[in-house]
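Note sheet for the following structure.
The values are calculated or read from the model by the stated rules, or taken from the named source; none is laboratory data. Everything quoted here is computed from the prediction, not taken from an experiment. Ideal geometry is used to build each Cβ from the backbone, glycine not excepted, and the neighbour counts take in all protein chains shown. Only protein heavy atoms, including side chains, enter the accessible area calculation; ligands, DNA and RNA are left aside. Shrake-Rupley method; radii C 1.70, N 1.55, O 1.52, S 1.80 Å.
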Amino acid sequence: EQERLGGVNLLAEQESQELQEKVSSIKNDQSDLLAAIAKLREAIDSLNTEGRQRLLAAYSVVNENFQKLFVQLFGGGKANLKFTDESDPLQAGLELMVSPPGKKLQKLSLLSGGEKALASLALIFSTFINKTLPICILDEVDAPLDEGNVEKFCELLKEASNKSNNRFLVVTHNKITMGFMNKLYGITMIEPGSSKVVSVNLDEAESVYAAE
């Protein structure tokens, strides 16, 4: 019987105790990990709840402004924002449903280039009006607009600036837009490879002209 059992491990009891300690340590780590997972899920649920409330509040304000500005820019019609998945606003996208005067309600993608630009401006400014930002940069947003719509854009820009006290930096090649600005900064290349910044304060120039 002893020969069948083979060699005897005299350290078996000690190894058994060490394994039990390891198992106990792993179980403790597992308990800590499960507790951390539960706490993290609770925090995520709390953040999602607060995030959803804030998003819906901001969405309501922006949607209301967008509807007003759309009518102002188009001289009529109607528009609104719509979640692509209303059951989960945090994961959903936004669609612009617009109806210019004389047209049926449709997605923004179905409008002409100028109409798309004008509707997009209504959305952009609907976020600017009730929010104070250090600086707002608009890069050639007036490029696809005709002269009449450029003037509408400039009036909207002036209104947004007065209501929100935001400073707007407008990159443009349009002379009408330049005429509405307080200051102009131009880049000229007097010599090849050498650029120079030229600035004009239109407010001061206007005051001097009026005094003369």
Accessible surface, the range 49-157, averaged per residue in Å² (probe 1.4 Å)
54
Please give the net charge around residue 132, taking every other residue with its beta carbon less than 12 angstrom from that of residue 132, where Lys and Arg add +1 and Asp and Glu add -1.
+3
What's the magnitude of the charge dipole for the chain around its Cα centre, counting Lys and Arg as +1 and Asp and Glu as -1 at the beta-carbon? Answer in Debye, nearest 20.
1080
Restricting to Cα pairs under 8 Å and 6 or more apart, the percent relative contact order of the chain works out to 12
Just to be sure I understand the model, the point goes 7 Å from the Cα along the line to the Cβ. What's the resulting residue 54 to residue 2 distance in nm?
7.7
With r as the distance between the Cβ atoms of residue 197 and residue 176 and R0 = 30 Å, compute the FRET efficiency 1/(1 + (r/R0)^6) and round to 0.05.
0.85
Could you look at the range 53-211 and say what percent of its accessible area is carbon and sulfur, using a 1.4 Å probe and all protein chains?
53
Report the one residue of 58, 120, 135 whose Cα lies farthest in the direction of the positive end of the charge dipole of the chain (charges on C-beta: Lys and Arg +1, Asp and Glu -1; origin at the Cα centre).
120
In nm, spacing of pseudo-spin labels at residue 108 and residue 37 (7 Å Cα→C-beta vector):
4.1
Which three semi-axes in whole Å describe the equivalent ellipsoid of the range 56-212, each the square root of 5 times a Cα gyration tensor eigenvalue, listed largest first?
34, 17, 17
Viscosity 0.890 mPa s, temperature 25 °C: Stokes-Einstein D of the range 45-141 from its Kirkwood Cα radius, in µm² per second?
170
Can you give me the distance in nm between label points at residue 27 and residue 143, each placed 7 Å from the Cα along the Cα-to-Cβ direction?
6.8
Can you tell me which lysines have their Cα less than 16 Å from the Cα of residue 116? Leave out same-chain residues fewer than eight positions away.
78, 103, 104, 107, 152
Report the GluC sites (Glu not before Pro) located in the range 122-165 that are in a DSSP loop and have at most 14 other Cβ atoms inside 10 Å of their Cβ, or state none.
140
